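Here is the structure we will look at.
The values are calculated or read from the model by the stated rules, or taken from the named source; none is laboratory data. On a predicted model such as this, the values are computed, not experimentally measured, just so you know. So basically every Cβ, Gly included, is an ideal-geometry build from the backbone, and we count neighbours across all protein chains shown.
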Amino acid sequence: MNKPSFLLLQGPVGPFFRELARMLRQFGRVRRVAFNSGDALDARGDCEFFGLTLEHWPRRLANLLVEHAVTDVVLFGDCRPIHRETIAWLRERAPQVRVHVFEEGYLRPDWVTLERNGVNGFSPLNELVEAIHQVPEARRRPPVSLPVGTTALRLGAYAARHYALVGLGRGLLGHAITHRERCWHEGLRWTLRLASTPLRRHAASLLQRQLMARAGDMYLALLQIDSDAQVRMHSRFADTCAFIEEILPSFARHAPAGAFLVIKNHPLDASGNNYRQLINRLAHQHGVRDRVFFLNGGSLPLLLSRTRAAITINSTAGISALHRLVPLKALGQALYNAPGLASQQPLPEFWCAPQPPLLKTYRAFRHVVAQRSQINGSFYRAEGRAMIVDALRQRLRSGMPLSFAPDCWLTPAAPPAREPAVLPAEALPAPVKPAFVASQQLALHHTEVH
């Protein structure tokens, strides 16, 4: 049997793809391509530098497939320009080549995603909701994971360095293919965000304590990173501001009089957008200035324990709400935007009487997602990267491909390579919601999703 030949394109910022390449060489040939100076730094020179424009890439891709007899292409994020071009070209010209797509975890915080051909809105799992009830009750085991720790500061440091170098390389070398147009600004924003972390966390903690103690039902809006492909490609919103401009007036018109809305920023947002100013203007305009709050930080699990209902475009944080059986409204395309999971009510009705998810449906959903797309680990911590690499090494040793084929998600999955001796114990405080939902919530024995 011929050994596989892996072609690695852009990975997450940091050394993960470099460490992955080292492991893959135990099983076959590996070729990596860098498309900008940030990619080259992350690869530590162990790559081919592609210094032309996107229009020239298909010809080089075709040559790489022949020169290295490529069987597998590995990349991070399926909506980056170079990756969209690659996947489309392979689908048409070389469908026999397997495409493995990494992404941040659907289940948080201790997981990453790996799927065949696409993720999020392009995930093969988008078809699962129609069939998750086929999963036998006996196989709906809660996924187990080892905690990997916080990653925000490490991600911020990797991102600041990466985008600063992309900007520098573009200035010196001319061409650089990246999914961020203004790389100098991106690097600077990440640097400023890291520097302001202590002050921002302190301010968020103070406001969160006030909100937790406030009377009335709390509704939680979960923002996403403005440039996220989830927003731009898998929703009808042009950006995050458009989402705010739709939900805030709707809340003002239809939510119960005693309710208040907390709009929580994404924990890794470095866009520089002044959401606070936009929210204050809209709240004043619609007469709810004392009932709408912008929270730039805070603890999602703690907030969800107090939340009457949550709303988002299609953030994976929505799964954290489902995990606590908090009623959730998703306004974009999402794996969980289906009956029995996210509410299908019109928005005015959702504010008044939000429908909670069904425990049985959520358990089946979580089982399938975990078994078919999730790997315990982190791209941004050394121990987390080692966990991912070790799990994939064991898959390849067993003769399985790097990721599951799209059409085999209902077949029995291999058991986890290892399970933690002691699972993290997470208390589930009773949220402010109808008693029957709280009673279902107590039946959940899963590890908390952040």
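Where the second residue is in a helix (DSSP H, G or I) and at pLDDT below 95 and the first is more than 25 Å from N274 (Cβ to Cβ) and of a type in the set (D, E) and lies in region 294-320, which pairs have Cβ atoms under 7 Å and are six or more apart or on separate chains?
Between residues of region 294-320 that are more than 25 Å from N274 (Cβ to Cβ) and of a type in the set (D, E) and residues that are in a helix (DSSP H, G or I) and at pLDDT below 95, there is no close pair.
In region 283-353, which strands (runs of 3 or more DSSP E) lie fully inside it and hold 2 or more residues that are closer than 24 Å to L107 by Cβ and touching an Asp or Glu at 6+ places or on another chain (Cβ under 9 Å)? Outline the logic, then answer.
Details: elements: 292-295, 307-312, 328-330.
Output list reads 307-312.
Being in a helix (DSSP H, G or I), more than 26 Å from S145 (Cα to Cα) and small (G, A, S) narrows it down to one residue among A88, A21; which is it?
Values: A21 fails: more than 26 Å from S145 (Cα to Cα).
Residue meeting the stated conditions: A88.
Would you mind telling me which numbered condition in (1) closer than 27 Å to E127 by Cα; (2) part of a helix (DSSP H, G or I); (3) at pLDDT 95 or above I375 fails?
(2)
Of all residues in region 132-153 being of a type in the set (K, R) and surrounded by 14 or more Cβ atoms within 10 Å (Cβ to Cβ), which is modelled with the lowest pLDDT? I'd like the intermediate steps shown before the answer.
Of region 132-153, the ones of a type in the set (K, R) are 139-141.
Add one more test, that the residue is surrounded by 14 or more Cβ atoms within 10 Å (Cβ to Cβ), and what stays is 140-141.
Working: R140: 65, R141: 69.
Across region 132-153, the extreme among qualifying residues is R140.
Only one of these conditions is not met by C352: (1) under 22 Å from the mean Cα position of the chain (by Cα); (2) at negative phi. Which number is it?
So C352 meets the others, but not (1).
Only one residue in L41, L61 is more than 28 Å from Q374 (Cβ to Cβ) and either in contact (Cβ under 8 Å) with a residue 40 or more places away in the chain or in contact with a Cys (Cβ under 8 Å, 6 or more places away or on another chain) (or both). Which one?
Working: L61 fails: either in contact (Cβ under 8 Å) with a residue 40 or more places away in the chain or in contact with a Cys (Cβ under 8 Å, 6 or more places away or on another chain) (or both).
After ruling out the rest, the residue left standing is L41.
Which residues, taken from region 1-31, are surrounded by fewer than 16 Cβ atoms within 10 Å (Cβ to Cβ), in contact with a Phe, Trp or Tyr (Cβ under 8 Å, 6 or more places away or on another chain) and modelled with pLDDT under 95?
K3
Yes or no: G156 outside any loop (DSSP other than H, G, I, E, B), closer than 20 Å to R385 by Cβ and at pLDDT below 80?
The answer is yes for G156.
Just the residues that are among the β-branched types (V, I, T) and assigned to a loop (DSSP other than H, G, I, E, B), please, taken from region 191-250.
The initial filter retains those residues of region 191-250 that are among the β-branched types (V, I, T), namely 191, 197, 225, 231, 240, 244, 247.
Matches in region 191-250: I225 only.
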